[in-house]
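The values are calculated or read from the model by the stated rules, or taken from the named source; none is laboratory data. None of these values were measured; they are calculated from a predicted model. No Cβ is skipped: glycine too gets one built from the backbone with ideal geometry, and neighbour counts run over all protein chains shown.
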Amino acid sequence: MLQLIMIRQGDADTISETISGLESLSGYSAKMYIKHQDGTELDTLIGTIDGLVITYEIINESSKLYPIGKYYFETKIWDAIDHVYTPSFGRFIILTTLQNDPS
């Protein structure tokens, strides 16, 4: 599914997706790949699976290092016998923030 994800540089965020078309994600693994426009990696997030919901956590220590700009992402799920799916993909945009540390 085509999506747009936007976060502010330095913010923590939780991204969740619900998988359809499968009865269970038992035995599956999940990752979100965030890449520069030239295909080089910006970050890879490991998903936590609960039922048919996958959650990806971006911590602020990581997003502080993300350069402001436009990127691409895709999520992949797979099992031990090489069933691979791409549930979502699209643009991943890092926005500037007005205040980096509110303390």
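Could you please find all residues in the range 34-45 being in a strand (DSSP E or B), surrounded by fewer than 18 Cβ atoms within 10 Å (Cβ to Cβ) and over 8 Å from the mean Cα position of the chain (by Cα)?
Correct list: K35, E41, D43.
Mind listing whichever residues of the range 1-33 are among the charged types (D, E, K, R) and surrounded by fewer than 16 Cβ atoms within 10 Å (Cβ to Cβ)?
Once the filter is applied, which keeps residues that are among the charged types (D, E, K, R) and surrounded by fewer than 16 Cβ atoms within 10 Å (Cβ to Cβ), the range 1-33 yields D13, E23, K31.
Kindly check whether there is at least one residue in the range 84-98 that is more than 12 Å from the chain's Cα centre (by Cα), within 12 Å of Y28 (Cβ to Cβ) and surrounded by 14 or more Cβ atoms within 10 Å (Cβ to Cβ).
Looking through the range 84-98, at least one residue is more than 12 Å from the chain's Cα centre (by Cα), within 12 Å of Y28 (Cβ to Cβ) and surrounded by 14 or more Cβ atoms within 10 Å (Cβ to Cβ).
Is it true that D50 is of a type outside the set (S, T, Y), on the phi > 0 side of the Ramachandran plot, loosely packed, with under 11 Cβ neighbours inside 10 Å and free of Cβ contacts under 8 Å to residues at least 12 places away in the same chain? Spell out the reasoning first.
Working: of a type outside the set (S, T, Y): yes; on the phi > 0 side of the Ramachandran plot: no; loosely packed, with under 11 Cβ neighbours inside 10 Å: yes; free of Cβ contacts under 8 Å to residues at least 12 places away in the same chain: yes.
The answer is no for D50.
Suppose we filter the range 58-79 for residues that are in a strand (DSSP E or B) and farther than 11 Å from D43 by Cβ; how many remain?
Summing the residues that are in a strand (DSSP E or B) and farther than 11 Å from D43 by Cβ in the range 58-79 gives 8.
When the range 12-45 is examined, which residues are found to be closer than 20 Å to M1 by Cβ and of a type in the set (A, V, I, L, M)?
I15, I19, L22, L25, A30, M32, I34, L45
Out of E41, E17, E57, report the one residue that is within 19 Å of I77 (Cα to Cα), touching a residue at least 60 places away in the same chain (Cβ under 8 Å) and of a type outside the set (V, I, T).
One residue alone meets the criteria, E17.
In the range 53-62, which residue that is at pLDDT below 95 and among the polar types (S, T, N, Q) is surrounded by the fewest Cβ atoms within 10 Å (Cβ to Cβ)?
Ranking the qualifying residues of the range 53-62, first place goes to S62.
Could you tell me how many of the residues in the range 1-38 are of a type in the set (F, W, Y) and under 20 Å from K70 (Cα atoms)? Give the derivation first.
Here is the first cut: in the range 1-38, the ones of a type in the set (F, W, Y) are 28, 33.
Still in the list and also under 20 Å from K70 (Cα atoms): 33.
Residues flagged as of a type in the set (F, W, Y) and under 20 Å from K70 (Cα atoms) within the range 1-38 amount to 1.
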